[in-house]
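A.B. asks: Pasting a structure below so you can have a look.
The values are calculated or read from the model by the stated rules, or taken from the named source; none is laboratory data. Since the model is a prediction, treat every value here as computed from it, not as a measurement. We place every Cβ from the backbone using ideal geometry, glycine too, and count neighbours over all the protein chains shown. Surface areas here come from the heavy atoms of the whole protein model, side chains and all, with no ligands, DNA or RNA. Shrake-Rupley method; radii C 1.70, N 1.55, O 1.52, S 1.80 Å.
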Amino acid sequence: MANIASQKKRNRQNEARRVRNKGVRSELRTRVKTARTAIADGAESAPEALKAAQKRLDKAGQKGVIHKNAAARRTSRLMKAAAKNA
């Protein structure tokens, strides 16, 4: 356990960020999964699901929840899958 006040504060900050990022990552996975299933099924809602997933990926990349290049790579793969099934 930390004894230094600044480290105690840093631990609180890290925990708050961890919880926030956990929610963002969870929603991100859900959006991507929904988009992938919509693309695979050829559903009419596929473009909206794709747009939502892309938006979440870009936002997570901007905020540093995931790396920018990881967000770009995942978006690229999603779009590639959409183009293949379209």
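A.B. asks: When Lys22 is evaluated against the numbered criteria (1) surrounded by 12 or more Cβ atoms within 10 Å (Cβ to Cβ); (2) modelled with pLDDT of 95 or more, which criterion, by number, is the only one it fails?
C.D. replies: The one condition Lys22 does not meet is (1).
A.B. asks: Does Lys63 count as open to solvent by 90 Å² or more (accessible area, probe 1.4 Å) and free of Cβ contacts under 8 Å to residues at least 24 places away in the same chain?
C.D. replies: So Lys63 fails the test.
A.B. asks: Failed condition for Lys9, given (1) at pLDDT 95 or above; (2) within 18 Å of the chain's Cα centre (by Cα), with all others met?
C.D. replies: For Lys9, the failing item is (2).
A.B. asks: Give the residues of the stretch 38-56 that are assigned to a helix (DSSP H, G or I) and either open to solvent by 70 Å² or more (accessible area, probe 1.4 Å) or on the phi > 0 side of the Ramachandran plot (or both), sorted by residue number.
C.D. replies: Of everything in the stretch 38-56, those that are assigned to a helix (DSSP H, G or I) and either open to solvent by 70 Å² or more (accessible area, probe 1.4 Å) or on the phi > 0 side of the Ramachandran plot (or both) turn out to be Ala40, Asp41, Pro47, Glu48, Lys51, Lys55, Arg56.
A.B. asks: Considering (1) open to solvent by less than 60 Å² (accessible area, probe 1.4 Å); (2) part of a helix (DSSP H, G or I); (3) not basic (Lys, Arg), say which one Glu15 fails and leave the rest.
C.D. replies: With (1) open to solvent by less than 60 Å² (accessible area, probe 1.4 Å); (2) part of a helix (DSSP H, G or I); (3) not basic (Lys, Arg) applied to Glu15, the lone miss is (1).
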